[in-house]
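All remarks here apply to the structure that follows.
The values are calculated or read from the model by the stated rules, or taken from the named source; none is laboratory data. Everything quoted here is computed from the prediction, not taken from an experiment. We place every Cβ from the backbone using ideal geometry, glycine too, and count neighbours over all the protein chains shown. For the accessible areas, the whole protein counts, side chains as well, though only heavy atoms, and no ligand, DNA or RNA atoms are used. Shrake-Rupley method; radii C 1.70, N 1.55, O 1.52, S 1.80 Å.
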Amino acid sequence: MEARTYIEEHRDEFVAALKEWLSIPSISADPAHHGDVRRSAAWLADHLTATGFPTVEIWETAGMPAVFAEWPAADPTAPTVVVYGHHDVQPVEPREEWHTDPFAPVEQGDRLVGRGASDDKGQVLFHTLGLRANLAASGASAPPVTIKLLVEGEEESGSPNFAELLKRHRDRLACDVVVISDTTMWSADTPSMCVGMRGLTDCQIDVYGSATDLHSGSFGGAVPNPARELAALLAGMHDADGHIAIPGFYDDVVEISERERDLIARLPFDEKEWLRTAGSAAVAGEEGYSTLERLWVRPTAEINGMWSGHTGAGTKTIVPRSAHAKVSFRLAPDQDPLRVQQCVRDYVTANLPRGLRVSIEFGGPGVRPCASDLDSVGVRVARDAMSRAFGTEVLFTREGGSGPEADIAEILAAPLVFVAVGLDDDRIHAPNEKVEIPLLLKGAEAIAYMWDGLAAQARA
């Protein structure tokens, strides 16, 4: 039996299982649902056992549990793959904007609507269908490569315990390649593979002047104004061409190749439609780069919010005692969040006038960026598998967001390959999240082909 035929014949069974899993409100960010996260882990463990995995375990952390499963290849010399995903989901608020119950998934034609349908339960589950299709096509009792699934329970809460989990089980997770199924494609008509994600670090900057607000007639113009100086400090983070002017900020940034720039330029990007979606009148950013390059491969410094002094009704003529701002930095390969944090600290302290005090607090160590090697065996095999499943060329994209992928690549010392079929309009993290069922089936088909491709490359 061909893999595609098996998948088509088992479509309804697959969707029914996914609906059952989606009905569990595994919201890791809400302590009231921590019991549901554990129920979700137990459901997945049972499903993986029923799929045929001989080893299935629930791995505890200091927070919510992850699920591990392993199915060894018949050939002990075959490559080993770790597949990463997560079974926790985002909160559903504002609930009144949902057209259906977020945890009573419903089919609407070829769409399945429910929290977690795309991010990430649907994209985790297509791996079980793809594996069964591979075995049905070959008639084998074991996969052509050793497959290890690691499905996290705290990704939507920032993966606070995930790096420690990876380190603790490093030996059990030893592998040749890591497959990530937690991203998106360009569109249903233009299948693509993500080959990189930006990193992130963020901070709050607090500038303090006098012990209290001062009368602007008695003191204005003769003492430092924290609001003015913080505004100047923030404005100085960019030059007139949109480049980040913080000394040392770009030291570790890796420029993408002309080949990848060409592949990005080939994407059918409608800038006017993108602006309409954003509700913006114009594009802006770093000179010398396209909009997609700015979003995917260049670092940013964004002012997320700022406040100071009197912001209520009427006037209050003062020199405020303090001013505050929240700033975030998206990072490009190979930037290190901790090094960027030091650059920001040095910039702020070097440019703050005498007579003012400053406090800079970063929200943790940050998230590192990651990227795949376009010429690696894993990327080439995955691209061929997706092209075969979709019947067309597969292009490359990146993502502007961040996740635990850099930790996975470093701790497991294995290259990353992104194989995912979500869409930007799946409304992940928003009301009425959905997934396109035909794309999940294509994802399963691609996976069925990919395992054979990796095994063949190892034998070549």
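Numbers for the structure displayed
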| read-out | value |
| --- | --- |
| Pairs with Cβ under 8 Å, 6+ apart, first in the stretch 290-308 and among the β-branched types (Val, Ile, Thr), second part of a helix (DSSP H, G or I) and surrounded by fewer than 17 Cβ atoms within 10 Å (Cβ to Cβ) | Thr291/Glu271; Thr291/Trp274 |
| Selection within the stretch 237-272 - farther than 22 Å from Arg198 by Cβ and surrounded by 13 or more Cβ atoms within 10 Å (Cβ to Cβ) | none |
| Filtered residues of the stretch 250-287 (kept if without any contact (Cβ under 8 Å) to a residue 12 or more places away in the chain and at positive phi) | Gly279 |
| Residue count for the stretch 218-253, restricted to those that are over 26 Å from the mean Cα position of the chain (by Cα), part of a loop (DSSP other than H, G, I, E, B) and of a type in the set (Phe, Trp, Tyr) | 0 |
| Test for Gly355: is it assigned to a loop (DSSP other than H, G, I, E, B), small (Gly, Ala, Ser), at positive phi and surrounded by 15 or more Cβ atoms within 10 Å (Cβ to Cβ) | no |
| Unmet requirement for Asp12, which otherwise passes all of (1) open to solvent by 20 Å² or more (accessible area, probe 1.4 Å); (2) in a strand (DSSP E or B); (3) not basic (Lys, Arg) | (2) |
| The stretch 358-385 - residue that is surrounded by fewer than 22 Cβ atoms within 10 Å (Cβ to Cβ) and among the hydroxyl-bearing types (Ser, Thr, Tyr) and, of those, modelled with the lowest pLDDT | Ser376 |
| Test: Ile318 is touching an Asp or Glu at 6+ places or on another chain (Cβ under 7 Å), closer than 29 Å to Val348 by Cα, open to solvent by less than 40 Å² (accessible area, probe 1.4 Å) and among the hydrophobic types (A, V, I, L, M, F, W, C) | yes |
| Residue in the stretch 30-45 that is touching a residue at least 40 places away in the same chain (Cβ under 8 Å), open to solvent by 10 Å² or more (accessible area, probe 1.4 Å), in contact with a helix residue (DSSP H, G or I) (Cβ under 6 Å, 6 or more places away or on another chain) and not β-branched (Val, Ile, Thr) present | no |
| The stretch 410-437, residues that are hydrophobic (A, V, I, L, M, F, W, C), part of a strand (DSSP E or B) and under 30 Å from Glu9 (Cβ atoms) | Val417, Phe418, Val435 |
| For Asp202: the one exception among (1) farther than 24 Å from Cys370 by Cα; (2) in contact with a Lys or Arg (Cβ under 8 Å, 6 or more places away or on another chain); (3) open to solvent by 60 Å² or more (accessible area, probe 1.4 Å) | (1) |
